[in-house]
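Student: Next up is a structure, given as structure tokens.
The values are calculated or read from the model by the stated rules, or taken from the named source; none is laboratory data. All figures in this text were calculated on a predicted structure; none of them were measured in a lab. When we count neighbours, we look across all protein chains shown, and the Cβ atoms used for this are built from the backbone with ideal geometry, even at glycine.
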Amino acid sequence: MTRALPRLIARLRRPAPPRAALPASLAVEIGGAAVEVALRVNPRARAYTLRLKPPAHEPVLTLPSNGTLGQARAFLDRHRDWLGRHLAAKPARVAFVPGALVPLRGEPHRLVASGRLRGTVAAGIAEDGPILTVPGDAGTLDRRVHDFLRKAARADLEAAVARHAAALGKRPRKLTLRDTVSRWGSCSSAGDLSFSWRLILAPGFVLDYLAAHEVAHLAEMNHGPDFWRHCVRLCPRTEEARAWLKANGAALHRYGA
């Protein structure tokens, strides 16, 4: 009995064989077509979760660290109908091509190719409504529209930040534009502000709120009562802007290839 004990202990201490690597995705048939669902393992996850990840609303299935491929397949099969409904409801992508409707400060503008190789993107009014006239050939239209929107976003955000910072008696260090998915803005402890350029697509009061929100963090690096008092004082339409973002913010990511 005692001779068998060391062998038993050694067997118990022997590491378990490594789990077979999971594939990057699983295919599920929805409406007669194969849909690829990305697989992700999250050690902090306690259950399987299925969601559509912005900005492209691609389906992602998250597994706990002890999850298995068989359980993932079964979970995906049980939620096939849910996935089908949400994929059908996701907003269509809007490429920057002639004829596309793109919001500028919340107002839809139709993209029009000017036919000229030189010049700058310009906002104007046509018989059927607001337009953005874009010079250059077809291969540069997407870049030119992106550049125009980023430039407009910077101008509006710099003006709003300067106004709100003066009201609080604060001075941010610098302002950066990004194309973030998980947040519309941020403020570092050093006073650096960062915003999504896509705020220029939203109504002006929404951009103004985000500028006020991040400037308020220069005074309060938290989301406590004093922080929200600063926000409302700087931007009286704070609650309206937050409600707009909750209802419409995800759709801003559909614009641009």
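Student: Could you go through the stretch 162-171 and let me know if any residue there is of a type outside the set (Asp, Glu), under 25 Å from residue 241 (Cα atoms) and either assigned to a strand (DSSP E or B) or within 20 Å of the chain's Cα centre (by Cα) (or both). Before you say what the answer is, go through the steps one by one.
Tutor: Restricting attention to the stretch 162-171, the residues satisfying the condition of being of a type outside the set (Asp, Glu) are 162-171.
Then drop every residue that is not under 25 Å from residue 241 (Cα atoms), which leaves 162-171.
Remaining after also requiring either assigned to a strand (DSSP E or B) or within 20 Å of the chain's Cα centre (by Cα) (or both): none.
No, the stretch 162-171 contains no residue that is of a type outside the set (Asp, Glu), under 25 Å from residue 241 (Cα atoms) and either assigned to a strand (DSSP E or B) or within 20 Å of the chain's Cα centre (by Cα) (or both).
Student: Restricting attention to the stretch 185-207, which residues are part of a helix (DSSP H, G or I) and crowded, with 23+ Cβ neighbours inside 10 Å? First the steps, then the outcome.
Tutor: Filtering the stretch 185-207 down to residues part of a helix (DSSP H, G or I) leaves 197-201, 204-207.
Selection gives 198, 199, 200, 201, 206, 207.
Student: Still on this structure: Suppose we filter 124, 136 for residues that are assigned to a loop (DSSP other than H, G, I, E, B) and more than 29 Å from residue 194 (Cα to Cα); which single one remains?
Tutor: Working: 124 fails: assigned to a loop (DSSP other than H, G, I, E, B).
136 is the lone residue from the list that is assigned to a loop (DSSP other than H, G, I, E, B) and more than 29 Å from residue 194 (Cα to Cα).
Student: Please find, among 243, 160, 247, 167, the residue that is over 27 Å from residue 54 (Cα atoms), exposed (fewer than 15 other Cβ atoms within 10 Å of the Cβ) and of a type in the set (A, V, I, L, M). Lay out the reasoning, then the answer.
Tutor: Details: 243 fails: over 27 Å from residue 54 (Cα atoms); 160 fails: exposed (fewer than 15 other Cβ atoms within 10 Å of the Cβ); 247 fails: over 27 Å from residue 54 (Cα atoms).
Being over 27 Å from residue 54 (Cα atoms), exposed (fewer than 15 other Cβ atoms within 10 Å of the Cβ) and of a type in the set (A, V, I, L, M) holds for just one of 243, 160, 247, 167, which is 167.
Student: Just to verify a result, which residue in the stretch 1-45, among those that are polar (S, T, N, Q) and either assigned by TED's automatic domain parsing to the domain that holds residue 84 or assigned to a strand (DSSP E or B) (or both), is modelled with the highest pLDDT? Show your work before the answer.
Tutor: Step one: of the stretch 1-45, the residues polar (S, T, N, Q) are 2, 25, 42.
Of the ones still in play, those that are also either assigned by TED's automatic domain parsing to the domain that holds residue 84 or assigned to a strand (DSSP E or B) (or both) are 25, 42.
Working: 25: 91, 42: 94.
Of everything passing the filter in the stretch 1-45, 42 is modelled with the highest pLDDT.
Student: Can you tell me which residue is surrounded by the fewest Cβ atoms within 10 Å (Cβ to Cβ) among those in the stretch 213-240 that are without any contact (Cβ under 8 Å) to a residue 24 or more places away in the chain and more than 21 Å from residue 188 (Cβ to Cβ)? So that I can check it myself, show each step before the final result.
Tutor: Quick first cut of the stretch 213-240, residues without any contact (Cβ under 8 Å) to a residue 24 or more places away in the chain only: 220, 222-229, 231-232, 236, 239.
From what's left, more than 21 Å from residue 188 (Cβ to Cβ): 225, 229, 232, 236, 239.
Values: 225: 9, 229: 13, 232: 14, 236: 13, 239: 13.
Filtering first and then ranking leaves 225.
Student: Still on this structure, please answer the following. Could you go through the stretch 46-65 and let me know if any residue there is assigned to a loop (DSSP other than H, G, I, E, B), of a type in the set (Gly, Ala, Ser) and surrounded by 17 or more Cβ atoms within 10 Å (Cβ to Cβ). Walk me through how you get there before you give the answer.
Tutor: Our first condition is that a residue be assigned to a loop (DSSP other than H, G, I, E, B); within the stretch 46-65, this holds for 46-48, 54-57, 64-65.
Within this subset, residues satisfying the condition of being of a type in the set (Gly, Ala, Ser) are 47, 56, 65.
Subset that is surrounded by 17 or more Cβ atoms within 10 Å (Cβ to Cβ): none.
The answer is no, given that none of the residues of the stretch 46-65 is assigned to a loop (DSSP other than H, G, I, E, B), of a type in the set (Gly, Ala, Ser) and surrounded by 17 or more Cβ atoms within 10 Å (Cβ to Cβ).
Student: If I ask for residues that are part of a helix (DSSP H, G or I) and surrounded by fewer than 15 Cβ atoms within 10 Å (Cβ to Cβ), which ones from the stretch 81-108 would you list? Give the steps one after another, and end with the answer.
Tutor: Taking the stretch 81-108 and keeping what is part of a helix (DSSP H, G or I), we get 81-89.
81, 82, 85, 88, 89 - these are the residues of the stretch 81-108 that are part of a helix (DSSP H, G or I) and surrounded by fewer than 15 Cβ atoms within 10 Å (Cβ to Cβ).
Student: Filter the stretch 172-193 for residues that are touching a residue at least 24 places away in the same chain (Cβ under 8 Å) and within 17 Å of residue 219 (Cα to Cα) and give the result.
Tutor: First, the residues of the stretch 172-193 that are touching a residue at least 24 places away in the same chain (Cβ under 8 Å): 172, 177, 181, 184-187, 189, 191, 193.
Within the stretch 172-193, 172, 185, 186, 187, 189, 191, 193 meet the criteria.
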